[in-house]
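What follows is one structure encoded as structure tokens, with my remarks underneath.
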Ligand code: ASP
């Protein structure tokens, strides 16, 4: 088993070590051959002779060698292992590599995205992406640690599910056993997490995959994304906001990522619109941007409803939200609908909305009235949300939650331009999967089994 990370060779001066990794660079100087050997942790210079001649870039090798301190004038400040080099004693080629279809030693921004995603498993080898994925793992670990410490339970919710309205189109999956019927992939675990509160679990979180069939946009991840989905019982708006803020401040401190303003400033929706012309805004100065400072803010007091093109009402954020307490009666009376404010809170960072949530309407009458205001017929409410109304009739605790977007937060921390740089296997902006070429056609007999006829017109 490999036990030594390349980054740790600096602690092994004078010792014989066993290295495993990839040939990052080879410089053949006739009698001596210089190699840079790379693993997940970094690269180190290796010096060998004849035995290294047959090596090609990206071959996988095992090297037994002696760790030597480099003379002062040969120290390479540019890499963390630059004070040492490894003298080869024994070299084994574990796997040969064909010429690479794309370079993996550059930062990769110069390479066409289709190619990068086709060979994403090679693209991840480039240190920039490896580093992003190492950070992603650490970030999620720290979030989990914080939440476990606060008494949260990690609970999984179904992927094959029923539609949950988050304002996007659903991805649907045909049912073979019940021809003509479809599952929807969840746009979020919203309903299930609320049901977990009715179930009495009190504090829930999940590193949740959400699926939304939105029109592809350059700065978006198409199709699926990951959020830290949370829900808590017996809380008020400020409790959720405070907990999330405390979590972010603690986690960012551990990652050495500076935050501009603590506590996070809180803006009224109307004030934000007046001041910034939008409900997401960037509070960073040019200096902040240079220093990777993260500027968080909350936005609250959003209108609950907005007018649709056809003159009806629709929700602005989340139909499962409660109105602010002072608007509850208006909501139940369906009065002054345009003025009703929701308990929604959005978290903004560096100009992006990085999460949102609300205190929920846990009384059946409140939830039902929201759908009535939006023009749902009684039978549609029962059909689509009857299970929630029924669940709330068996003793539902007041509850609320939020779902910070993991991909977006990491994009902000790393300063990357797109979410795809921090997602292991993202779809291309055109909606094609990495490496494998979904969406793809399905053979006729499979379609028949599903009772589906495809019309591509
Ligand atoms: N379900 C919401 C979303 O996905 C988050 C929440 O209200 O907890 O944006």
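Things to note:
Residues checked against (1) in contact with a helix residue (DSSP H, G or I) (Cβ under 8 Å, 6 or more places away or on another chain); (2) surrounded by 13 or more Cβ atoms within 10 Å (Cβ to Cβ); (3) under 20 Å from residue 408 (Cβ atoms):
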residue	(1), (2), (3)
224	no, yes, yes
233	yes, yes, no
244	no, yes, yes
261	no, no, yes
284	no, yes, yes
289	no, yes, yes
294	yes, yes, yes
317	no, yes, yes
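- Annotation for region 339-352: no member residue is surrounded by fewer than 17 Cβ atoms within 10 Å (Cβ to Cβ), closer than 13 Å to residue 319 by Cα, away from the ligand (no atom under 13 Å from the Cβ) and at pLDDT 95 or above.
- Among the residues of region 356-404, just one is within 16 Å of the ligand (Cβ to nearest atom), more than 20 Å from residue 187 (Cα to Cα) and in a helix (DSSP H, G or I), namely 366.
- Residue count, region 227-247 (criterion: closer than 10 Å to residue 404 by Cα and more than 13 Å from the ligand (Cβ to nearest atom)): 0
- Any hit, region 130-142, residues being surrounded by 15 or more Cβ atoms within 10 Å (Cβ to Cβ), over 20 Å from residue 388 (Cα atoms) and within 15 Å of the ligand (Cβ to nearest atom): no
- Here residue 202 clears all of (1) in contact with a strand residue (DSSP E or B) (Cβ under 6 Å, 6 or more places away or on another chain); (2) buried (at least 21 other Cβ atoms within 10 Å of the Cβ); (3) modelled with pLDDT of 95 or more except the condition numbered (2).
- The residue that is farthest from residue 227 (Cα to Cα), counting only those in region 192-204 that are assigned to a helix (DSSP H, G or I) and more than 11 Å from the ligand (Cβ to nearest atom), is 198.
- Taking (1) in a strand (DSSP E or B); (2) at pLDDT below 95 in turn, residue 207 satisfies each apart from (2).
- Within region 302-317, the set of residues being part of a loop (DSSP other than H, G, I, E, B), more than 16 Å from the ligand (Cβ to nearest atom) and touching a strand residue (DSSP E or B) at 6+ places or on another chain (Cβ under 7 Å) comprises 308 only.
- Test: residue in region 151-164 that is outside any loop (DSSP other than H, G, I, E, B) and out of contact with any helix residue (DSSP H, G or I) (no Cβ under 8 Å at 6 or more places or on another chain): yes
- Considering (1) within 22 Å of residue 302 (Cα to Cα); (2) surrounded by 19 or more Cβ atoms within 10 Å (Cβ to Cβ), the lone condition that residue 196 does not fulfil carries the number (1).
- Inspection of region 167-187 identifies at least one residue that is over 23 Å from residue 446 (Cβ atoms), at pLDDT below 95, surrounded by 13 or more Cβ atoms within 10 Å (Cβ to Cβ) and out of contact with any strand residue (DSSP E or B) (no Cβ under 6 Å at 6 or more places or on another chain).
- All positions within region 318-349 that are part of a helix (DSSP H, G or I) and over 20 Å from residue 232 (Cβ atoms): 326, 327, 328, 329, 330, 331, 332, 333, 337, 338, 339
The values are calculated or read from the model by the stated rules, or taken from the named source; none is laboratory data. Treat the numbers as computed from the prediction; the structure is a model and nothing was measured. Neighbour counts run over all protein chains shown; Cβ positions are idealised from the backbone, glycine included.
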